[in-house]
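The values are calculated or read from the model by the stated rules, or taken from the named source; none is laboratory data. Everything numeric in this text was worked out from a predicted model, so none of it was measured. With ideal geometry, Cβ positions are generated from the backbone for all residues, glycine too; neighbour counts draw on all protein chains shown. Areas reflect the complete protein model, heavy atoms only, side chains present, ligands, DNA and RNA absent. Shrake-Rupley method; radii C 1.70, N 1.55, O 1.52, S 1.80 Å.
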Amino acid sequence: QTAALRFILMWYNTFAPSFKERKIVVNTLVSGGLNLIIFIVMLGILVFVHELGHFAVAKRLGIPVFEFGFGFPPRLKRFWRDEGWIEIQGKRIVIPRHFQVPANVTIGARVQYKTDQQNGREILTALQVVDPANPEASFSSMVQGYDPGTEYTLNAVPLGGFVRLMGEEDPNVPGGFATAKPSVRTPILLAGVTMNLVLAFIVFSITAFVTPPYVVVQTTRITGVNENSPAALAGLRANDQIIAVNGQEVRDNYPLLSQTLRQNAGREVTLSVVRNGRPLDPITVIPRANPPRGEGPLGIQLGGWLGLRVTSVEAGSPADRAGVRAGDVLVFIVDPQGRTLKDQNELVEFAQAHLGWKIEWRVYRDNQLSEPIVVQIPEQLTPAQATLGLNLETSLADAPIKAIQNMWTIIASMPATFAQMFAGNAPANALVGPLGIYQITGEVAQRGGPLALLELLGLLSLNLAFVNILPLPALDGGRLIFVLLEWVRGGKRIDPRKEGMVHLIGIALLLGLMVLISIFDVQRMIAGQPILPTP
């Protein structure tokens, strides 16, 4: 240890000669270590919750669970084991926690056993499997049911957990998972995905309640143009505003602008642009199908604001008279630098400090940003009136509804993302592996803090549920396909060896894809490129 410490100090003093450089090294190491811990905890929660679903439903439906592991092997410690039971001669006998059950005990096996009575229960004290050919087999009894109890173990790789079901892959094990009916296997397979959806719902409900209902309002006003991009070659500049594409109105409708450009990738389009309040002659440009990372089809950056969604409007209030409705997104500029309203409390403070003033709002509705709306703050305001009739907070009752809406929006966008990936025009950060998730975790922790990390946990849980239910071999969705085929074939199973081979090939392909994605993740990290868009 002394030699190792001496080496570390020598390296430190050699390569960090100045105090400032040493401080940077220490901060980097501390930050990287903290990000790693956060990443391990988040990934552990995701996998643990998923496996907890399989575990709970398997237990409920009578499939014995041999082990619930925290982390992945090798095993470090077995810190608990449930009591099990064994059914012999119609009696259910308790297996004590510390009883060592022979490995060859299965339902249908012949055994000799001893029991003892403790607190009104019959407790197993000895158990031995007997070979049916042995003359002593006539003095043995058949095992009619069996659950050895679940071992709870701590394992070395702290990235989630696993459950080990009895007969998980072997349809020859009586009472095991593989021999169970489709009506039993189906809910067990769906339980992991369900638990990830539940986790996402809980997380998004919490964040919806504690976070102001922010909405990013993206405009079509250009704030930057990349060099040698189609936009630069066409003469577009910062502060230009794109009004229409091929005659179709897209003013401040970012989703429509983005969709139109991607649909016309590789083909010439005509842009209607306003500069300094005056329309320019039509500009022709060809959006790129495979633009450089972070540039988009035209190579432009667009301006935007952070608005607040209006949850309700009081009838007859200044907001109501201005035409604001529940569901609108309010963009309220509070200073010359373009900073928008932070939350409802800031609205109250602003209104009370500017009695009688005329102010301008902009309302974002149906993907359209309105022209400025002039609202006058009354000369006199009670504290209750200082919101100007606006409610910009999510109630506890509305938080679950908001969570479901957010989840549906994310899920609905996933098929389109996959389609873009197969078409080759998806964003560079659309697909990341474990290293990419680690990088995102660090970026979110640095920019947004604990609440943003909680939202990331919900997003990752939702993604894990979606990916796991895909009908791909080795995933829960792939296994469900074989259960469905068994049901369609009237209970006749696919040959277990063939099914196992399909899943084995699927695992190999998934691991290969993971390695490929990780290579891109490493290249991005070495190049210092962020995954999240730069603010």
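Between the Cα long axis of helix 434-468 and the first principal axis of the chain there is an angle of about 50°, rounded to the nearest 10.
For n ≥ 4 DSSP H runs only, could you compute -39500 (n - 2.57) per run for the chain, divide by its residues and tell me the 222 nm figure to the nearest 500? Mean residue ellipticity, 222 nm, calculated: -14000 deg cm²/dmol. Computing mean projected area of the Cα convex hull in nm² directly from the structure and comparing it against (i) 25.9; (ii) 44.7; (iii) 39.0 singles out (iii).
In the chain, the longest principal axis of the Cα atoms and the axis of helix 2-15 are about 20 degrees apart.
Where a Cα-Cα gap under 18 Å defines reach, which aspartates and glutamates qualify for K402, not counting those fewer than 8 residues away within the same chain? Once the sequence-local aspartates and glutamates are set aside, what remains near K402 is D328, D343, D366, E393, E455.
Where does helix 344-353 land angle-wise versus the long Cα axis of the chain, in degrees 0 to 90, nearest 10? The angle comes out at about 30 degrees. Once neighbouring chains are kept in place and the probe is 1.4 Å, which whole percent of the accessible area of the chain is contributed by carbon and sulfur? Summing carbon and sulfur atoms, their accessible area is 61 percent of the total for the chain. Volume of the convex hull of segment 349-478 (Cα atoms only), normalised per residue: 185 Å³.
Taking a Cβ cut-off of under 14 Å around L190, the surrounding Lys, Arg, Asp and Glu residues balance to a net charge of +1, with basic ones at +1 and acidic ones at -1.
Close amide H partners of L298, meaning residues 5 or more places away or on another chain with modelled amide H under 5 Å apart, are R288. Computed over segment 286-403, the convex hull of the alpha-carbon atoms projects to a mean area of 10.1 nm². A simple rule links phi to the HN-Hα coupling: the Karplus curve 6.51 cos²θ - 1.76 cosθ + 1.60 with θ = phi - 60°, which for segment 488-503 gives 5, 7, x, x, 7, 7, 5, 3, x, 5, 5, 4, x, 5, 4, 5 Hz, with x for Gly and Pro.
Pairs from the list K91/K114; K91/K181; K59/K114; K91/K492; K59/K181 with a Cα-Cα gap above 23 Å: K91/K181; K59/K114; K91/K492.
Neighbours of K91, meaning other residues whose beta-carbon lies under 12 angstrom from its beta-carbon, give a summed charge of 0 when Lys and Arg score +1 and Asp and Glu score -1.
Straight-line reach from K358: which lysines have a Cα under 27 Å away, not including same-chain ones fewer than 8 places off? Within the straight-line cut-off, K358 pairs with K342. A Förster radius of 45 Å, combined with the Cβ-Cβ distance separating T409 from V157, puts the computed FRET efficiency at roughly 0.85.
Based on protein heavy atoms only, segment 393-535 ends up with 58 Å² per residue of surface accessible to a 1.4 Å probe. On the principal axes of its alpha-carbon atoms, segment 196-271 has extents of 48, 25, 25 Å, going from largest to smallest.
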